[in-house]
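Note sheet for the following structure.
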Amino acid sequence: MPDRGGGPTGPRIRVGRPSRRARSLLMTLGVLAVLGMAFTMFAGFWTDWLWYRSVDYSSVFTTTLWTKIGLFFVFGLLMAAGVGVNVWLAHRLRPPLSAMSIEQQSLDRYRMSIAPYKKWLLLGVTALVGLIAGASAATQWRTWLMWVNGVPFHQTDPQFHLDVSFYAFDLPWYRFLLGFGFAATILSLIAAALTHYLYGGLRITSPGARASAAATGHLSVLLGVFVALKAVAYWLDRYGLAVKSSDFKATNNWTGLRYVDANAYLPAKTILFCIAAICAVLFFATLWRRTWQLPVIGFGLMVLSAILIGGVYPAIVQKFQVQPNEQSKEAPYIEKNIEATRKAYGIDGVSPVDYTGKGTVKDAKQQRTDADSAASYRVNDPNVVSPTFQQLEQERKYYQFPKTLDVDRYKGQDTVIGLRELNLAGVEKRNWINDHFTYTHGFGAVSAKGTQTDPDSPGAPLFTESGLPAGGTLGDYQQRIYYGEKTRQYSIVGGPQKELDYEQDDGTQKTTSYRGKGGVSLSNPINRAAYAVSLSEPQILYSGAIGSGSKILYNRTPKERVEAVAPWLTIDGDAYPAVVNGKIQWVVDAYTTSNGYPYASRTTLGDTTADSLNEGDNQRAVVAQQNQVNYIRNSVKATVDAYDGTVKLYTWDDKDPVLKTWKKAFPGTVEPKSAIPQQLKDHLRYPQDMFKVQRELLSLYHVTDSDQFYNASDAWQVPNDPTKKDNSAVPPYYLSMKMPGQTSQNFSLTTTFTPSGRPNLRAFMAVDADATSKDYGTIRLLRVTEDKVYGPEQVQNKLNSLSSVANFVRDMKGADSTVLYGNLLTVPLDKGFLYVEPIYAQGRNAEYPLLRKVAVSYGDRTGFADNLGDALTQAFGVDGAQPPAEPQKPGGDTTQPPANSTVKEALADAEKAFEEGQAAMKKGDLHAYADAQDKLEAALQRAEKAQSEADKAAGNGKNADKSAGKNADKSAGEGASKDSGGSSS
């Protein structure tokens, strides 16, 4: 048998060759892994570049990219050079080995171990800190661009008399530079100290001098730089007081100097600046004196001064000067804050106008006529009728409408509109081809009159554009919707694979192939490979469904597209569609903001713009998340074409200095205001989120007197939505209406205010929302002077307590239907306020609600009828109509005493049920109210029956029977349960 051990007669087994193959395999795998990671990084970069080029905003990509690269390399190299030079210098200044102590000799093994690699170690450390610093600096690209392109506001702060642009554009950049300087100095100091210790320049436990002269001089210079930077920080802190936030009285986001800031902190910062500058000079002087005695003493004095002058002294001033007479001390600074805040949020021209709110008593017919012309009352609530659109106009399961529809104007009428967007969840057979090649787009707009319902289908909207394909009053337009609020998946179109266009009534499918200019070409194999990697979908690389002409569509929501091409804008939470010049255009309102307006109080956008409609609703995303700002302008109107995805940015506020700054940074990206087509301008409106921010500020800053502001004696709040149970804020409503003094209706955005902590109405606010109006953006504020004017929640409770409303709710409950309340609209009318609320019912087996009733309230008058006209007529008592009966207490108007104990017990039960019902009404619990009404009716029937039997037994016969029935009906006020007002529709 051969010797396998490698003997002279057997073959030799070569162990080295498999080892080399293994090493080669590992090297190959390593190279492939590196190439894979490199291509993954390249794929992300390349696909971004392709997307920006496809939307004609490649300059945004390149400007942003080169700015980030420049900041990365400049500050990365500065950090690496600072740390590296100080390590090299510390190594060069090391003492000779012979002079090293026993302590240092114990570090020989560490020095010996790093000696062969010290150059590489130095390069590695400096490279690491450089990469981290560069990556951090790259995130400051917005700060850099604003600083280098900033334009003046031509407004100065009241304390330092500097232009606002210093605080908005310059100060943030100076603070970044200061922070970078501190980081570089501290890292250099640590690295130099470690190097000195490792090579003997510093000693910890050895007797004698703790540091060599060279180490002393080197570290003293670094400490001197640190203290000098601290002096600069103290100087900048002086200006930072003008934009400092604090809690003060009525507002938690007070910004600007107060008495203690101007009279204690400001002089303290100046004194500390001088002390820090002297201390820095003492540290630098150790280059000649070679001792740390004076610098250490100076540094200790600086720390002590910071505690005493910067902390204790202001606290003493606040305690003994401000608090005993705070109102008068703070008055000048409150006035500055009020003025700056009103300017920063564009509400400086708003002055409340007194309005009684009680209403006037006049001729009923004239007041009824006035009510007709006061507003175009929108009975189709866009927040309720979306399921109706879905059921009646969805046409196919793979289409959907947004949860909240939009309000626009077409042919002078308020119109509710929504787009029939694609919903892949409704596709019966889900696979990659169907999801991304076949089902690619929605189809058509659907609109309905806001003020009318369909006479042929009671309670349903009166559609002005409907069907598939859609037809109606909107004319001819491109109906295919490739870009929309619900369109979040990517689609590959325009290639050999045909797309489903829409399904006809006879079941046949019509196909199409995308021919729009939007999308990125996939005809290039490099592009296909890049998207296969970036989307983690390898089929893109080899699928036969992709060929000549194929394009990939992604980033398809209007918000995503505008944010991408203008990353310096804050986007409104609600994009809305408009049919303009034969196309569907998504209109997106965008804001320029700043957090550096001196003295202007801050607000958190995410909290301020939340209301009962957008909380928890992804479709109506809350604007700008949770960032704080103290300056905002609706400076840009953007559009996104629903077919080809074209994005256009139009200047809207051409006086805004923040917009001017960004237009300098990204020239040519924002078109002038004159370029807005007139047909598009007809559909532009005042944005909701801007209005919400302004109403939140006006709840406090309608007050311009410092004493009144300090006392918060007239603080307001936005009331809760009375139609919801989650205590969320009532949303603003779009409505065509007249304000006092106006002769015609204007498309407006409206809201109400109540006093802080009380439900009564305190103010009504409306802004002219029609972009074609000369008064666009004019805010009118009515301050209610009467104390007992009903607010929205009180009006809702009042309407719910009507017996006709309760009977309607009970009838709907008996029919197993759900009652839904629409928007409670508020309209000024004859020195009072008219409230109008549509009420819907939805059966258990029905998939959509229908308008069944309209409730109206004006002062003490109420109406509840099948339609708005009858409800108004009923409320104003015109043509013999009587208002709905108010509930009366059982037994409150009896003419005969109860005949026996059974009757007494029944009426006692009726009275108890009545009280339970009233308590339920106050809580807004209609189901509990309906249950109480059932108990009330049963008790009254028992009473009537017992009274009848007692009268018969007494020989009274019919007369007693009628008397008991009359008493029972009159005492409960329940005759309304059998009249026409209480019947279900």
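The values are calculated or read from the model by the stated rules, or taken from the named source; none is laboratory data. Bear in mind the structure is a predicted one, so any value in this text is a computation, not a measurement. In this analysis, Cβ positions are derived from the backbone assuming ideal geometry, glycine residues included, and neighbour counts consider all displayed protein chains.
At a glance:
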{"quantity": "Top-ranked residue in the range 729-765 [being over 28 Å from Gly606 (Cα atoms) and aliphatic (A, V, I, L, M); ranked as surrounded by the most Cβ atoms within 10 Å (Cβ to Cβ)]", "calculated": "Met737"}
{"quantity": "Test: residue in the range 259-269 that is buried (at least 22 other Cβ atoms within 10 Å of the Cβ), among the hydroxyl-bearing types (Ser, Thr, Tyr) and part of a helix (DSSP H, G or I)", "calculated": "yes"}
{"quantity": "Some residue of the range 430-438 being surrounded by 20 or more Cβ atoms within 10 Å (Cβ to Cβ), out of contact with any Asp or Glu (no Cβ under 8 Å at 6 or more places or on another chain) and assigned to a helix (DSSP H, G or I)", "calculated": "yes"}
{"quantity": "Residue match in the range 57-80 (condition: basic (Lys, Arg), part of a helix (DSSP H, G or I) and free of Cβ contacts under 8 Å to residues at least 40 places away in the same chain)", "calculated": "no"}
{"quantity": "Only listed residue being at pLDDT 95 or above and touching a strand residue (DSSP E or B) at 6+ places or on another chain (Cβ under 7 Å), chosen from Asp170, Asp163", "calculated": "Asp163"}
{"quantity": "Filter pass, Thr785 being surrounded by fewer than 23 Cβ atoms within 10 Å (Cβ to Cβ), in contact with a strand residue (DSSP E or B) (Cβ under 7 Å, 6 or more places away or on another chain) and hydroxyl-bearing (Ser, Thr, Tyr)", "calculated": "yes"}
{"quantity": "Residues that are in contact with a Lys or Arg (Cβ under 9 Å, 6 or more places away or on another chain) and either in a strand (DSSP E or B) or crowded, with 24+ Cβ neighbours inside 10 Å (or both), drawn from the range 848-871", "calculated": "Ser857, Thr862, Phe864, Ala865, Ala871"}
{"quantity": "Tabulated pairs, the range 737-758, first without any contact (Cβ under 8 Å) to a residue 60 or more places away in the chain and over 17 Å from Leu824 (Cα atoms), second charged (D, E, K, R) and not in a strand (DSSP E or B), C-beta under 6 angstrom, 6+ apart or interchain", "calculated": "Pro755/Arg762"}
{"quantity": "Residue tally, condition modelled with pLDDT of 90 or more and buried (at least 19 other Cβ atoms within 10 Å of the Cβ), over the range 284-304", "calculated": "0"}
{"quantity": "Single residue of Ile552, Ile492, Ile546 found to be more than 22 Å from Leu392 (Cα to Cα) and not in a strand (DSSP E or B)", "calculated": "Ile546"}
{"quantity": "Residue that is surrounded by the most Cβ atoms within 10 Å (Cβ to Cβ) [pool: residues in the range 43-82 that are among the charged types (D, E, K, R) and closer than 15 Å to Gly518 by Cα]", "calculated": "Asp48"}
{"quantity": "Search result, residues across the range 37-74 that are within 29 Å of the chain's Cα centre (by Cα), more than 21 Å from Ser521 (Cβ to Cβ) and among the hydrophobic types (A, V, I, L, M, F, W, C)", "calculated": "Leu65"}
{"quantity": "The range 381-413: number of residues that are assigned to a strand (DSSP E or B), of a type outside the set (S, T, N, Q) and farther than 15 Å from Gln688 by Cβ", "calculated": "3"}
{"quantity": "Where Arg368 falls short, out of the listed (1) closer than 30 Å to Tyr631 by Cβ; (2) surrounded by 17 or more Cβ atoms within 10 Å (Cβ to Cβ); (3) not aromatic (Phe, Trp, Tyr)", "calculated": "(1)"}
{"quantity": "Some residue of the range 229-243 being under 29 Å from Ala90 (Cα atoms), among the small types (Gly, Ala, Ser) and either free of Cβ contacts under 8 Å to residues at least 24 places away in the same chain or assigned by TED's automatic domain parsing to the domain that holds Tyr313 (or both)", "calculated": "yes"}
{"quantity": "Some residue of the range 318-337 being more than 23 Å from Ala712 (Cβ to Cβ), without any contact (Cβ under 8 Å) to a residue 40 or more places away in the chain, surrounded by fewer than 19 Cβ atoms within 10 Å (Cβ to Cβ) and not assigned by TED's automatic domain parsing to the domain that holds Ser706", "calculated": "yes"}
{"quantity": "Residue list for the range 631-677, filter: without any contact (Cβ under 8 Å) to a residue 60 or more places away in the chain, in a helix (DSSP H, G or I) and among the small types (Gly, Ala, Ser)", "calculated": "Ser674, Ala675"}
{"quantity": "Some residue of the range 172-192 being within 25 Å of Asp654 (Cα to Cα), touching a Gly at 6+ places or on another chain (Cβ under 8 Å) and in a helix (DSSP H, G or I)", "calculated": "yes"}
{"quantity": "Residue ID - farthest from Gly596 (Cα to Cα), chosen from residues in the range 155-167 that are out of contact with any helix residue (DSSP H, G or I) (no Cβ under 7 Å at 6 or more places or on another chain) and either in contact (Cβ under 8 Å) with a residue 12 or more places away in the chain or in the same structural domain as Thr270 (by TED's automatic domain parsing) (or both)", "calculated": "Leu162"}
{"quantity": "Extreme residue, farthest from Trp49 (Cα to Cα), among residues of the range 524-543 that are part of a loop (DSSP other than H, G, I, E, B) and in contact with a strand residue (DSSP E or B) (Cβ under 9 Å, 6 or more places away or on another chain)", "calculated": "Ser543"}
{"quantity": "Residue within the range 570-592 that is surrounded by 23 or more Cβ atoms within 10 Å (Cβ to Cβ), of a type in the set (A, V, I, L, M) and assigned to a loop (DSSP other than H, G, I, E, B) present", "calculated": "yes"}
{"quantity": "Test for Lys798: is it among the charged types (D, E, K, R), surrounded by fewer than 23 Cβ atoms within 10 Å (Cβ to Cβ) and part of a loop (DSSP other than H, G, I, E, B)", "calculated": "no"}
{"quantity": "Residues satisfying the stated conditions in the range 843-862, i.e. under 17 Å from Phe389 (Cα atoms) and at pLDDT 90 or above", "calculated": "Pro849, Leu850, Leu851, Arg852"}
{"quantity": "Residue check for Leu500: farther than 28 Å from Phe666 by Cα, in a strand (DSSP E or B) and either within 26 Å of the chain's Cα centre (by Cα) or at pLDDT 90 or above (or both)", "calculated": "yes"}
{"quantity": "Options Thr356, Thr360: the member that is surrounded by fewer than 19 Cβ atoms within 10 Å (Cβ to Cβ), touching a strand residue (DSSP E or B) at 6+ places or on another chain (Cβ under 9 Å), modelled with pLDDT under 90 and β-branched (Val, Ile, Thr)", "calculated": "Thr360"}
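Yes or no, residue by residue, for (1) under 43 Å from the mean Cα position of the chain (by Cα); (2) assigned to a helix (DSSP H, G or I):
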{"residue": "Ala214", "(1), (2)": "no, yes"}
{"residue": "Leu223", "(1), (2)": "no, yes"}
{"residue": "Ala233", "(1), (2)": "yes, yes"}
{"residue": "Asp237", "(1), (2)": "yes, yes"}
{"residue": "Ser246", "(1), (2)": "yes, no"}
{"residue": "Asn253", "(1), (2)": "yes, no"}
